[in-house]
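The values are calculated or read from the model by the stated rules, or taken from the named source; none is laboratory data. Only a predicted model underlies this, so the values are computations on that prediction, with no experimental measurement involved. Please note: Cβ atoms are built from the backbone with ideal geometry, for glycine as well, and neighbour counts cover all protein chains shown. Surface accessibility is based on the protein's heavy atoms, side chains included, excluding ligands, DNA and RNA. Shrake-Rupley method; radii C 1.70, N 1.55, O 1.52, S 1.80 Å.
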Amino acid sequence: MVSDKRATNNQFKALQDKILKQKASITKDVGAGGCTDFSNYQFKVRLIHGLALAERELLDLDSKVDDDY
């Protein structure tokens, strides 16, 4: 899942960039056959999912901060 939404707060943008880079790196690794076995594949997919959830929470928080000001 690729997010088109970008954080507006500079600190949130920096964190979102780190999350997106980690997601892209792991996704590229999985796509290139970097998983040693099915267990490793499951682990990496869970990491990607966790990073996606973290990004969604970050964007929700960014939106809430914008609404408060």
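Some values worked out for this structure:
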item: Sole exception among (1) among the charged types (D, E, K, R); (2) free of Cβ contacts under 8 Å to residues at least 40 places away in the same chain; (3) in a helix (DSSP H, G or I) for ASP66, by number; result: (2)
item: Failed criterion for LYS64 (all others in (1) more than 21 Å from ARG6 (Cβ to Cβ); (2) among the basic types (Lys, Arg); (3) surrounded by fewer than 12 Cβ atoms within 10 Å (Cβ to Cβ) hold); result: (1)
item: Residue in region 32-44 that is touching a helix residue (DSSP H, G or I) at 6+ places or on another chain (Cβ under 7 Å) and within 26 Å of SER63 (Cβ to Cβ) present; result: no
item: Tally, over region 1-18, of residues that are out of contact with any helix residue (DSSP H, G or I) (no Cβ under 8 Å at 6 or more places or on another chain), charged (D, E, K, R) and open to solvent by 100 Å² or more (accessible area, probe 1.4 Å); result: 2
item: Criterion (more than 8 Å from the chain's Cα centre (by Cα) and modelled with pLDDT of 95 or more) met by exactly one of GLN22, GLN42; result: GLN42
item: Residue count, region 19-61 (criterion: part of a helix (DSSP H, G or I) and either surrounded by 12 or more Cβ atoms within 10 Å (Cβ to Cβ) or of a type in the set (Ser, Thr, Tyr) (or both)); result: 28
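Residue-by-condition table, conditions (1) in contact (Cβ under 8 Å) with a residue 12 or more places away in the chain; (2) out of contact with any Lys or Arg (no Cβ under 7 Å at 6 or more places or on another chain); (3) more than 20 Å from ASP67 (Cβ to Cβ):
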{"residue": "GLN22", "(1), (2), (3)": "yes, yes, yes"}
{"residue": "ILE26", "(1), (2), (3)": "yes, no, yes"}
{"residue": "ASN40", "(1), (2), (3)": "no, yes, yes"}
{"residue": "PHE43", "(1), (2), (3)": "no, yes, yes"}
{"residue": "ARG46", "(1), (2), (3)": "no, yes, yes"}
{"residue": "LEU51", "(1), (2), (3)": "yes, no, yes"}
